[in-house]
Amino acid sequence: MEAMINKLGIMKKGKVWRKVAFALGMLVFLQGQAQKRTFVHPGITYTQADLDRMKAMVEARQEPFYTTFQHMLKDGYSQIGDGNYADITQIKEGKFNGTIGADGRRAHDMALLYHITGNKAYADDAVKRLNRCNRLVNASSRGTAPLDNGKIYMLIEAAELLRAYEGWRPEDQEAFKKMLVYPFYSTKVSADSYKSSDDNKNGVSFYWNIYKFDPGRFGNQGLFAVRGLMAMGIYLDNDTMYDRGYRYLACLPGRKDDLPYQAGPPVQGSLISEDEFKRDYNVTWPASGEEYHSDEALRYYIYRNGQCQESCRDQGHTMGGIGNYTAIAEMAWNQGDSLYGWLDNRILKGIEFNIRYNL
């Protein structure tokens, strides 16, 4: 600021200095205020324009949309249940697909059908499936926890679609929001001390299992965590949370007003196993130091020629990861960010390369 004022030839004294300093200070403050994100709702995978278009296509019986809608009506995930859904208070390792995975798919599909048809029975069933998680206090932190817990994005998608539904009570919505970050949310102190490798002693829910993503593993596992985190940020109107995922994928430093990313790189230790294809080592992670961006980051996940970091593993994980990246780019686009254009349209290169390879 002083250099700017000197260049303007303004004397650093008296009322003139104080007025200029105040004006520039206010400018900086207002710029900071302007940068605070206002989220679009609904705005994860679908905007209101998307929902309106789906409804119009179905009402006009336009193909292939109408036939797709008919298939959706008959699908097992679209059938309204009896409503007697027991509360979920704990999810053990290996049980995520059968809980938040199945309920997430059902609640998501029901919420979409409500918007398309206007039938409140679909919305009411989705709400009951969302509410059964409101008392959850323990989502396993073992094994592939970032991948498993990242699957919460489907339930969050349903919650986003129903945030304005009068049949979902405000107190139940608030309970769902608090559940996502149990035991608390903080940008200063982590809840890692509440985690345990013993599923029955673990005491955190989804946010604290995904906020560091999954450095050191195959990139598609951390992508599930990023997808869940960014969806959570949009639903909770939390730009710090959203930026945490968005900036990580871009290899940007974390926000100064947030908890740091995982420090790294890891230090290679003893050999665990080896075969003709790979060697697996024990590693240790530094407690502090430079922030580390692992295989989830776009520049490391999709190479400049379009080949994927997962390519030499198998094509199921490759295409799953490319699909996840596209879904993440779409939710960013709905919030005014163009992840699609990063690194000379790197996601498009990944899609084209891997589809050609598989064909």
Work out from phi, with θ = phi - 60° and the Karplus expression 6.51 cos²θ - 1.76 cosθ + 1.60, the ³J(HN,Hα) of each residue of segment 77-83, listed in order in whole Hz, and give x for Gly and Pro.
6, 9, 8, 5, x, 7, x
Given backbone amide H placed at 1.01 Å from N, residues whose amide H is under 5 Å from that of residue 281, ignoring those fewer than 5 places away on the same chain, are 272
Carbon + sulfur, % of accessible area of segment 101-142 - ligands and nucleic acids excluded, 1.4 Å:
39
Quick one: Debye curve from the C-alpha atoms of segment 161-226, no solvent, what's log10 I(q)/I(0) at q = 0.16, 0.18, 0.30 Å⁻¹?
-0.70, -0.83, -1.20
Once Lys and Arg are counted +1 and Asp and Glu -1 for all other residues with Cβ under 14 Å from that of residue 167, the total becomes 0
Could you check which residue among 284, 47, 187 shows the biggest mean-square fluctuation in a GNM of the chain with a 10 Å Cα cutoff?
284
For segment 261-359, what does the alpha-carbon gyration tensor say about shape, rounded, prolate or oblate, given a ≥ b ≥ c as the root eigenvalues, a/c under 1.5 as rounded, and a/b over b/c as prolate?
oblate
Residues with amide H under 5 Å of residue 264's amide H, sequence separation 5 or more or different chain, H placed in the peptide plane at 1.01 Å from N; which?
290, 292
Which entry is the computed semi-axes √(5λ) of the Cα gyration tensor in Å for this structure: (i) 40, 24, 19; (ii) 36, 29, 24; (iii) 26, 25, 24?
(ii)
For segment 347-359, Karplus couplings with θ = phi - 60° (6.51, -1.76, 1.60), whole Hz, Gly/Pro x:
5, 4, 4, x, 4, 5, 4, 6, 5, 4, 4, 6, 6
Amide H to amide H under 5 Å from residue 302: which residues, 5+ apart in sequence or cross-chain, H placed 1.01 Å off N in plane?
309
Cα-centre dipole for the chain with unit charges at Cβ (Lys and Arg positive, Asp and Glu negative), debye to 20
1420
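Quick check for you: with a 1.4 Å probe and neighbouring chains kept, what is the accessible area per residue of segment 297-351, in Å²?
Working: 2380 Å² over 55 residues.
Here the per-residue accessible area is 43 Å².
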With the full set of protein chains in place, find how many percent of the accessible area of segment 159-289 is carbon and sulfur; take the probe as 1.4 Å.
50
Of the peptides 91-98, 238-245, 320-327, how do they stack up when ordered by the mean number of other Cβ atoms within 10 Å, highest first?
238-245, 320-327, 91-98
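The values are calculated or read from the model by the stated rules, or taken from the named source; none is laboratory data. Worth saying up front: this structure is predicted, and the values here are computed from it rather than measured. For neighbour counting, all protein chains shown are included, and Cβ atoms are generated from backbone atoms with ideal geometry for every residue, glycine included. Keep in mind that these areas ignore ligands, DNA and RNA; they rest on the heavy atoms of the full protein, side chains included. Shrake-Rupley method; radii C 1.70, N 1.55, O 1.52, S 1.80 Å.
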